[in-house]
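One structure is given below, encoded as structure tokens.
The values are calculated or read from the model by the stated rules, or taken from the named source; none is laboratory data. Everything numeric here is computed off the predicted structure, so don't read it as measured data. Cβ sites come from the backbone with ideal geometry, for glycine too, and all protein chains shown count toward neighbours.
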Amino acid sequence: MEVPAMLITEVMRRKGNVPVVTVAPDRPVTELLEMLSAHRVGALVVSSDGTTVEGIVSERDVVRHLHSDGAHILELPVQAIMTAEVYTCGPGDDLQLLMRRMTDGRFRHVPVVDAERLVGIVSIGDVVKNRIDDLESERDQLTAYITG
Ligand code: AMP
């Protein structure tokens, strides 16, 4: 049985095309923490205008810098702790490839960019959910084939 490729656009459609939360690079890390908590997410895209990706910052960056540099990093601007070289994907990319890239790169968030504009974000949670949904529907098809 041929398993069709799933595109990122389908992943975004399934989660309801929710807007991506961004933080401006000059905002303090304390504000980043407030936003991570309020939106219940693990990472924010760093952007001055809400559509141009300038970086990504996750809870891991905060933990790492707190440990290595101390509590004063909470007053620094987000750009002091963000990752500036961001791996992004496009809406037409294949989910399987993205899964491999996230595993190899050890990051759990990938912004989706279309014509240089931020249009979504895929988290490891979205990837796992889609994978489980697919495996369940494959299992149902196989069960129907065997018993039907
Ligand atoms: P995460 O697993 O997403 O919490 O991120 C782990 C580390 O990878 C942090 O230093 C992030 O800033 C960085 N990171 C997260 N997502 C990306 C990405 N798409 N491209 C490059 N680095 C990332």
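Values for this structure:
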| quantity | calculated |
| --- | --- |
| First in region 73-101 and within 21 Å of R13 (Cα to Cα), second anywhere and assigned to a loop (DSSP other than H, G, I, E, B) and of a type in the set (A, V, I, L, M, F, W, C), Cβ under 6 Å, 6 or more apart | D94/A5; L95/M6 |
| Boolean, M6 is more than 12 Å from the ligand (Cβ to nearest atom), touching a strand residue (DSSP E or B) at 6+ places or on another chain (Cβ under 8 Å) and of a type outside the set (V, I, T) | yes |
| Top-ranked residue of region 1-48 - restricted to ones that are modelled with pLDDT of 95 or more and of a type in the set (D, E), ranked as farthest from I81 (Cα to Cα) | E34 |
| Within region 115-148, considering residues that are within 16 Å of the ligand (Cβ to nearest atom) and among the small types (G, A, S), the one surrounded by the most Cβ atoms within 10 Å (Cβ to Cβ) | G120 |
| Residues of region 18-30 satisfying the condition of being in contact with a strand residue (DSSP E or B) (Cβ under 7 Å, 6 or more places away or on another chain) and either surrounded by 15 or more Cβ atoms within 10 Å (Cβ to Cβ) or at positive phi (or both) | V20, V21, T22, V23, P25, R27, P28 |
| Condition check for A71: out of contact with any Pro (no Cβ under 7 Å at 6 or more places or on another chain) and over 24 Å from V128 (Cβ atoms) | yes |
| Residue list for region 36-53, restricted to those being surrounded by fewer than 16 Cβ atoms within 10 Å (Cβ to Cβ) and among the hydrophobic types (A, V, I, L, M, F, W, C) | A38 |
| Residue check for V62: within 11 Å of the ligand (Cβ to nearest atom) and more than 13 Å from the chain's Cα centre (by Cα) | yes |
| Pick from region 65-114, criterion in a helix (DSSP H, G or I) and touching a strand residue (DSSP E or B) at 6+ places or on another chain (Cβ under 8 Å), ranking: farthest from the ligand (Cβ to nearest atom) | E75 |
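Per-residue answers, yes or no, for (1) among the small types (G, A, S); (2) under 30 Å from D140 (Cβ atoms); (3) assigned to a helix (DSSP H, G or I):
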{"position": "V20", "(1), (2), (3)": "no, no, no"}
{"position": "L32", "(1), (2), (3)": "no, no, yes"}
{"position": "A38", "(1), (2), (3)": "yes, no, yes"}
{"position": "V41", "(1), (2), (3)": "no, no, no"}
{"position": "T52", "(1), (2), (3)": "no, no, no"}
{"position": "D61", "(1), (2), (3)": "no, no, yes"}
